[in-house]
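Some notes on the structure that comes next.
The values are calculated or read from the model by the stated rules, or taken from the named source; none is laboratory data. All values reported here derive from a predicted model rather than from experimental measurement. Quick reminder, even Gly has a Cβ in these numbers, built from the backbone with ideal geometry, and neighbours come from all protein chains shown.
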């Protein structure tokens, strides 16, 4: 995600409404949902043609359901230029909208916009974390969360050296992950940058923003055989780590590496855009850290069109 856009999105985000959910038993090892916020977001694209534009295909990541998030469509706005709209789920659960536009004439504007109502729950960690453990056998679908990802360099010698001693004195795996969390926060000073550096550079420089700090935490967790991944919300990202309860059920636990200290819980109610950090995207040769918007066209006569990608919160 473009880092400048992330800052703008942070300023724009406002929680529409917050409600308390019924109290839940949080002794089972799973996270608990303790509050919620509802907001409406418009997602899509507008394309203004300078000359004749033919054979356009736009792909746009859109909101989807997660355990702590429920999404429903409240409005669709497709101009006459749109021939077909389809949706597909990429590996890792990212949902894409694929928009087919055969032709846009000079001076015309095509648009494909969807408004979603999103309900996002806050997360509270379980009371008893002492019996949560790293998985002895990782399912095939989870193995992507144990190795290298773009800018999460688990093969880097500095990161590997740092990972060997962290959490050695911990009495359980939860405390081990917490030791990794505290070490990253203590050794990387927050400093925003519009340029993505990655985990290795953040460790070397001793500074980075939410993406770098999250990437380093994820890398060290993975080297300790604890699955971890990046979570993307408007203007921000944070990590989740994966442990199992005594019954062998796996649970993802969030934490806020940059900013306020929240370990195993997440009060942030911004809607989730994506979960993961290594995606196979059709049309891209290399794995992608983040599924971005993309426009392809067969021909642009008279100049390239003006493209505006839309992801904005609606006033209510």
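A single entry from 118, 152, 98, 114 fulfils the requirement of being surrounded by 15 or more Cβ atoms within 10 Å (Cβ to Cβ) and not assigned by TED's automatic domain parsing to the domain that holds residue 303: 152.
Looking at region 31-136, the strands (runs of 3 or more DSSP E) lying wholly inside it that each contain 1 or more residues that are touching a residue at least 60 places away in the same chain (Cβ under 8 Å) sit at 32-48, 52-62, 69-78, 95-104, 109-124.
Tally the residues that are surrounded by fewer than 11 Cβ atoms within 10 Å (Cβ to Cβ) and assigned to a loop (DSSP other than H, G, I, E, B), restricting the search to region 281-297. Show your work before the answer.
Restricting attention to region 281-297, the residues satisfying the condition of being surrounded by fewer than 11 Cβ atoms within 10 Å (Cβ to Cβ) are 282-283, 285-286, 296.
Those still in the list that are assigned to a loop (DSSP other than H, G, I, E, B) too: 282-283, 285-286.
Of the residues in that region, 4 qualify.
Taking each residue of region 160-182 that is without any contact (Cβ under 8 Å) to a residue 12 or more places away in the chain and looking for partners that are in a helix (DSSP H, G or I) with beta-carbon atoms closer than 7 Å, six or more apart or interchain, yields 170/176; 170/179. Scanning region 139-170 for residues that are at pLDDT below 95, farther than 22 Å from residue 238 by Cβ and assigned to a loop (DSSP other than H, G, I, E, B) yields 139, 168, 169.
Quick grid of which residues meet (1) at positive phi; (2) out of contact with any helix residue (DSSP H, G or I) (no Cβ under 9 Å at 6 or more places or on another chain); (3) in the same structural domain as residue 57 (by TED's automatic domain parsing):
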position	(1), (2), (3)
243	no, no, no
249	no, yes, no
253	no, no, no
257	no, no, no
262	no, yes, no
276	yes, no, no
285	no, yes, no
299	no, yes, yes
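Among the criteria (1) modelled with pLDDT under 95; (2) closer than 25 Å to residue 187 by Cα; (3) part of a strand (DSSP E or B), the one residue 300 does not fulfil is (2).
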